[in-house]
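Worksheet: the structure to be examined is printed underneath.
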Amino acid sequence: MVKGIVMKTGVLKGSILIALGAASYGMLGTFVKLAYLDDFSTAEVTVSQFLLGFVILFVLSFFGNRKKGSESKSLGIKSILKLTVAGSSLGLTSIFYYMAVQYISVGVAIVLLMQTVWMGVVLEMFLQKKIPSARKIVAVFVILAGTVLATHLLSDSVNINWPGFGWGILAAVTYTATMYTSNNLELHFPPLKRSLFLILGGLIIILLIFHTSLNREFSMNIFSSWGLLVSLFGTVIPPLLFTRGMPLTGIGLGAIIASIEIPVALLTANVLLKEPVSLVQWVGVLLILLAMALMNIGAKKETAL
């Protein structure tokens with residue numbers, strides 16, 4: 001009985017940690033849009049986010065090793081390079097997603113970003129050369145139906161902003177690559193170290209893309225304002241909460257709880273940006289959440305990354 005109570009307490013604690021991490025991600029788009037309203041650019045937001053995130057994770061990793069009282073094992077240059085290269089997709093995801101919210105609402109952008117769910121199924125099918133289960137196939141079609149409703153694709157009264165949609169879909173593609181590498185690459189690394197080198201890869205690709213912006217009109221004020229907030233909510237807090245919460249809940253339940261990111265994004269944008277959310281959009285979001293639950297219910301409990 002005591003063991004059962006301990007397990008339930010652990011699951012509850014893990015659920016709370018994952019929910020808080022997902023909520024942090026959900027608020028990210030709104031913070032970026034608020035930064036745009038303060039005349040900061042995509043270059044300023046992304047550079048500050050990843051640079052500050054890398055510094056914070058480096059400090060946490062350094063003191064974490066010292067606290068354990070032992071030096072970390074040699075991680076290997078090849079493994080570090082793999083993680084750093086893989087992290088480039090993380091940087092691209094931020095660029096594409098933040099470009100999307102310049103053109104479309106945060107609510108629509110987050111729905112497009114979540115297309116990574118069915119994209120992941122397709123990627124898995126090609127890599128494993130195996131047809132997905134009937135449950136996953138049904139879930140994919142439900143997600144697509146929910147996306148049509150949540151983005152008003154069939155509404156004649158809404159003018160579709162195709163550049164925004166394009167950036168949103170690109171963000172989903174690169175996010176799919178990020179999710180795959182995060183769950184399959186160099187799993188023997190400590191979570192903090194893995195996050196550190198993934199963020200480093202993202203920072204490098206961002207600096208390569210926006211290097212010309214660093215030479216002119218780059219406002220250093222971003223580091224003490226929105227940059228710090230976006231960094232904490234986008235690159236520091238969620239990974240730390242997920243890596244602690246997932247082992248307590250298992251991947252299946254954890255993924256379902258993490259889907260709270262979508263309604264949080266809509267509600268935050270509605271409250272802070274006054275972005276309207278229609279009943280049809282909520283129905284679409286509900287369909288997406290149900291599909292995500294369908295795909296993950298009964299998933300085998302695994303150790304998180």
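Considering only residues of segment 62-99 that are in contact with a Lys or Arg (Cβ under 8 Å, 6 or more places away or on another chain) and surrounded by fewer than 17 Cβ atoms within 10 Å (Cβ to Cβ), which is modelled with the lowest pLDDT?
Narrowing segment 62-99 to residues in contact with a Lys or Arg (Cβ under 8 Å, 6 or more places away or on another chain): 72, 75, 83.
Pick out the ones that are also surrounded by fewer than 17 Cβ atoms within 10 Å (Cβ to Cβ) and you get 72, 75.
Numbers: Ser72: 48, Leu75: 66.
Ranking the candidates gives Ser72 first.
Out of Asn184, Asn159, report the one residue that is under 25 Å from Arg244 (Cα atoms) and free of Cβ contacts under 8 Å to residues at least 40 places away in the same chain. Even if it seems obvious, please write down each step before you answer.
Values: Asn159 fails: under 25 Å from Arg244 (Cα atoms).
One residue alone meets the criteria, Asn184.
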Mind checking which pairs have a first residue in segment 128-156 that is touching a residue at least 60 places away in the same chain (Cβ under 8 Å) and crowded, with 17+ Cβ neighbours inside 10 Å and a second that is of a type in the set (Ser, Thr, Tyr) and assigned to a loop (DSSP other than H, G, I, E, B), Cβ under 8 Å, 6 or more apart or different chains?
-> His152/Ser278
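Tell me which residues, restricted to segment 98-151, are part of a loop (DSSP other than H, G, I, E, B), within 21 Å of Thr30 (Cβ to Cβ) and not small (Gly, Ala, Ser).
Going residue by residue through segment 98-151, those that are part of a loop (DSSP other than H, G, I, E, B) are 104-105, 114-115, 129-133, 151.
Next cut, within 21 Å of Thr30 (Cβ to Cβ) only: 104-105, 114-115, 151.
Listed by number, the residues that qualify are Ile104, Met114, Gln115, Thr151.
Give Met246, Met292 a once-over and let me know the one that is more than 29 Å from Val55 (Cα to Cα) and either modelled with pLDDT under 80 or assigned to a helix (DSSP H, G or I) (or both). Walk me through how you get there before you give the answer.
Numbers: Met246 fails: more than 29 Å from Val55 (Cα to Cα).
Step by step, each of Met246, Met292 is checked, and only Met292 is more than 29 Å from Val55 (Cα to Cα) and either modelled with pLDDT under 80 or assigned to a helix (DSSP H, G or I) (or both).
Does segment 259-275 hold any residues that are outside any helix (DSSP H, G or I), in contact with a helix residue (DSSP H, G or I) (Cβ under 7 Å, 6 or more places away or on another chain) and farther than 11 Å from Tyr25 by Cα, and which are they? Step through it out loud before you land on a result.
In the first step, residues of segment 259-275 are kept if they are outside any helix (DSSP H, G or I); the result is 259-260, 273-275.
Those left that are additionally in contact with a helix residue (DSSP H, G or I) (Cβ under 7 Å, 6 or more places away or on another chain): 259-260, 273, 275.
Correct list: Leu273, Glu275.
The values are calculated or read from the model by the stated rules, or taken from the named source; none is laboratory data. Everything numeric in this text was worked out from a predicted model, so none of it was measured. Every residue, glycine as well, gets a Cβ built from its backbone with ideal geometry; the counts of neighbours run over all protein chains shown.
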